[in-house]
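Student: Structure in structure tokens, see below.
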Amino acid sequence: MPPAQLKRRAFWTAEVLLLAGTVAAAILLSRPDEWHPLALVVLLFALALGGEWFTVEHIDGVVSASLAVMTLAMGLLGPAPAGLCGVAAFGLHSAVARRTPGG
């Protein structure tokens, strides 16, 4: 296997392991009261997904409106709901951009 492909595969594996660890930590450390009121969780989740359509591109990267929603979710609900909003937002962004895993 060429070194570049090996490096890409190792990076992809590290991404998957970090995502799995983050999800596991969120499940284990989440408290039930972080998910109440449920209407607020659903609203922020929907706003995070919608915020991916409003992006500002800069030479250093991209900032979307979902960043503000995740910050709001962190302050109002807690880390687990904010993490859910973040994972959903960048998952949607990657799916729409048709990015492959690790790329």
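The values are calculated or read from the model by the stated rules, or taken from the named source; none is laboratory data. Note that the structure is predicted; figures quoted are calculated from it, not measured. For neighbour counting, all protein chains shown are included, and Cβ atoms are generated from backbone atoms with ideal geometry for every residue, glycine included. In case anyone asks, the SASA skips ligands and DNA or RNA and just uses the protein heavy atoms, side chains included. Shrake-Rupley method; radii C 1.70, N 1.55, O 1.52, S 1.80 Å.
Student: Any chance you could run the full-extension gain for A46 through A10? It's 0.36 nm times the residue separation minus the Cα-Cα distance, nm to one decimal.
Tutor: 9.6 nm
Student: Which one, L47, L28, L77, has the greatest fluctuation when you compute a Gaussian network model over the chain with C-alpha springs under 10 angstrom?
Tutor: L28
Student: Just to confirm, what accessible area per residue do you get for region 32-103 at 1.4 Å probe, in whole Å²?
Tutor: On a per-residue basis, region 32-103 sits at 64 Å².
Student: For the chain, what does the convex hull of the Cα positions come to per residue, in cubic angstrom?
Tutor: Here the figure is 108 Å³ per residue.
Student: Dipole size in debye (nearest 20) for the chain around its Cα centre, Lys and Arg Cβ +1, Asp and Glu Cβ -1? Provide the component values of the computation, followed by the final result.
Tutor: Numbers: 6 positive and 6 negative charges, 92 e Å.
Around 440 debye, computed over the chain.
Student: Before anything else, pin down the relative contact order of region 11-103: Cα pairs under 8 Å, at least 6 apart, normalised by residue count, whole percent.
Tutor: 31 percent
Student: Which loop GluC sites (Glu not before Pro) in the chain, with loop taken from DSSP, have no more than 13 other Cβ atoms within 10 angstrom of their Cβ? Please report the intermediate quantities before stating the final value.
Tutor: Details: sites: E15, E34, E52, E57; in loops: E52.
Loop-located and lightly packed - none at all.
Student: Please work out the C-alpha center-to-center distance from region 47-103 to region 1-32 and express it in whole Å.
Tutor: Each part's Cα centre sits 18 Å from the other's.
Student: Right, next: Carbon and sulfur together cover what percent of the accessible area of the chain at a 1.4 Å probe radius?
Tutor: Using a 1.4 Å probe with all protein chains present, the chain comes out at 74 percent carbon and sulfur.
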